[in-house]
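Structure first, then comments.
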């Protein structure tokens, strides 16, 4: 009887002690998830780019009451571009905004000699345009998926255009126009490393029209005329970004 009573008491004591003993035992929890690195586009960058472009030129002689018929002509130009750029990006969530400026050399040039040879219009003089250099100051905005960035851009554009009119009788009239206008485009970029970014971009330039006045004729005997000029340019480039480290995302 004593043995039964002792056994019962022992089991009861063990039952009371079990929660306390369990509380002293070490507990284990699931290890925290490993942080996935996410690229941060915030920071200042500089870079270089190169590519090619196409120009479209429309000449108009609005002769008014001179007794001559108005005259219009169209011709194109092609060539390469190369330059450098600098800018700054701010990132908030998946949205990236920034500013960028660039300067570039251009070899985009062309003339209407082929149109004259084909009898496209009656004048015998030849007009030619050569975009010598240009630059822009733009805003940028887009969205990012980690190291990919899709962006849109637009702003002010400027440059120097050499225009030449060659008349077979009265010679050559050559002048340079400092053109001002607007540019807009889009592209995408990819961060190859934490600091090196590759980029592809298309941009459209509208340099408005420029005038060649005459009183009553230009220096080489042509009627006064205006030329409207636009360009489409495609480039690839590399940028080096300072700051804006890769950050952890849980």
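Among the strands (runs of 3 or more DSSP E) confined to the range 143-250, the ones with at least 1 residues that are at pLDDT below 95 and under 19 Å from residue 77 (Cβ atoms) are located at 148-167, 171-191, 196-212, 225-242. Annotation: of all residues in the range 145-175 being under 25 Å from residue 85 (Cα atoms) and more than 15 Å from the chain's Cα centre (by Cα), the one that is surrounded by the fewest Cβ atoms within 10 Å (Cβ to Cβ) is 145. Select from the range 106-119 the residues that are surrounded by 14 or more Cβ atoms within 10 Å (Cβ to Cβ) and either modelled with pLDDT under 80 or part of a strand (DSSP E or B) (or both) and list them in ascending order. Across the range 106-119, the qualifying residues are 106, 107, 108, 109, 110, 111, 115, 116.
Exactly one residue among 200, 223 is surrounded by 14 or more Cβ atoms within 10 Å (Cβ to Cβ), in contact with a helix residue (DSSP H, G or I) (Cβ under 9 Å, 6 or more places away or on another chain), more than 16 Å from residue 137 (Cα to Cα) and touching a residue at least 12 places away in the same chain (Cβ under 8 Å), and that residue is 223.
The values are calculated or read from the model by the stated rules, or taken from the named source; none is laboratory data. These numbers come from a predicted model, not from an experiment. Virtual Cβ from ideal backbone geometry, glycine too; neighbours counted across all protein chains shown.
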